[in-house]
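First up is the structure itself, then whatever we jot down about it.
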């Protein structure tokens, strides 16, 4: 029996993700892992207490598929307070992390032959999900170091088959943020060409420029044609909790809910209770943000102190180093593999997040949400090793 012939070609041809590969190599070599994005520190006790109370005092049985009403209401209040965005609790669907939300949105919206615009670099789940739904990813490259959205390039990529676009703002790995003019332009293109925007906004609260996040959903004409996706894992630094949500209105929300119920149906109910409490913990959120800001400044200063050129950014848990501007001739993949094996520091080659040929090969991404001593040791190792 030829089992291979029964496996969908999207997955039969797919290797391990770069995150799995780098993390495995980091474990194998006992390297400092700055490649995969997760905080390496204690969980705020107030959030642990909320989860523990939920386990002891709340039901552990199925909640509604769309999520606990208390969490849906908390998400709506959170966005009203933090972003001035009007969201009704009924617009919120709780998911098992943002990746499930992205999958549900793609499966609900993309049919065979549809084209979906992706802005590169991009989270590596986007293109496989579009292909699995029968669609065709169409890539528009964003050029380093500013990664701006060019209206002419985007308009040229739109065809009569274009159904949707996926926007990651703030942008991982660059940490850049779309300007108000760029959001307005994207809104105009979506309305003019009848596109739906799937907005992966998981980094919306991890900004260091002092500016409140604005969603594409808030742009005139976009409220009814946007899926806004958020993540408690990124807001609280609890990536393993896998609690996310998607927000949409009307028929779009109904379709998303129907897909979600046949993907995971629901998510861990004690963690939903805990996140519902946590979204009102302003002091906890402020402390987390202050700690990440300090770590960002520490790693940036350390890297610049050993002669590495750090790109400007405003958001996410990452900084990117420009190897060419740092006087390093190696391409990012070779540099990353040598760094983990020879220096004991794992990082991500940014080219791994491009689903097109011709992407830059001189950028590497490092995660800064780590303890001070880990960051300092990583800088020391890189400073002693860096090939020039």
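The values are calculated or read from the model by the stated rules, or taken from the named source; none is laboratory data. A quick note: this is a predicted structure, and the numbers were derived from the prediction, not measured. Cβ atoms come from the backbone with ideal geometry, glycine included; neighbour counts cover every protein chain shown.
Just a few scattered comments:
- Candidates 256, 186, filtered to the one that is surrounded by 19 or more Cβ atoms within 10 Å (Cβ to Cβ), more than 19 Å from residue 82 (Cβ to Cβ) and free of Cβ contacts under 8 Å to residues at least 40 places away in the same chain: 186
- Enumeration of residues in the stretch 295-312 that are in a loop (DSSP other than H, G, I, E, B) and surrounded by 23 or more Cβ atoms within 10 Å (Cβ to Cβ): 308
- Check on residue 100, closer than 21 Å to residue 245 by Cβ, out of contact with any helix residue (DSSP H, G or I) (no Cβ under 7 Å at 6 or more places or on another chain) and assigned to a helix (DSSP H, G or I): yes
- Looking at the stretch 116-231, the helices (runs of 4 or more DSSP H) lying wholly inside it that each contain 3 or more residues that are assigned by TED's automatic domain parsing to the domain that holds residue 272, modelled with pLDDT of 95 or more and in contact with a strand residue (DSSP E or B) (Cβ under 6 Å, 6 or more places away or on another chain) sit at 126-132, 151-157.
- For the stretch 197-207, the count of residues that are on the phi > 0 side of the Ramachandran plot and within 20 Å of the chain's Cα centre (by Cα) is zero.
- Inclusion of residue 45 among residues that are surrounded by fewer than 23 Cβ atoms within 10 Å (Cβ to Cβ), under 30 Å from residue 373 (Cβ atoms), out of contact with any strand residue (DSSP E or B) (no Cβ under 9 Å at 6 or more places or on another chain) and free of Cβ contacts under 8 Å to residues at least 60 places away in the same chain is warranted.
- Of the residues making up the stretch 199-211, those that are in contact (Cβ under 8 Å) with a residue 12 or more places away in the chain, out of contact with any helix residue (DSSP H, G or I) (no Cβ under 6 Å at 6 or more places or on another chain) and surrounded by fewer than 22 Cβ atoms within 10 Å (Cβ to Cβ) are 207, 209, 211.
- Some residue of the stretch 312-320 being without any contact (Cβ under 8 Å) to a residue 40 or more places away in the chain and either in contact with a helix residue (DSSP H, G or I) (Cβ under 9 Å, 6 or more places away or on another chain) or farther than 16 Å from residue 381 by Cα (or both): no
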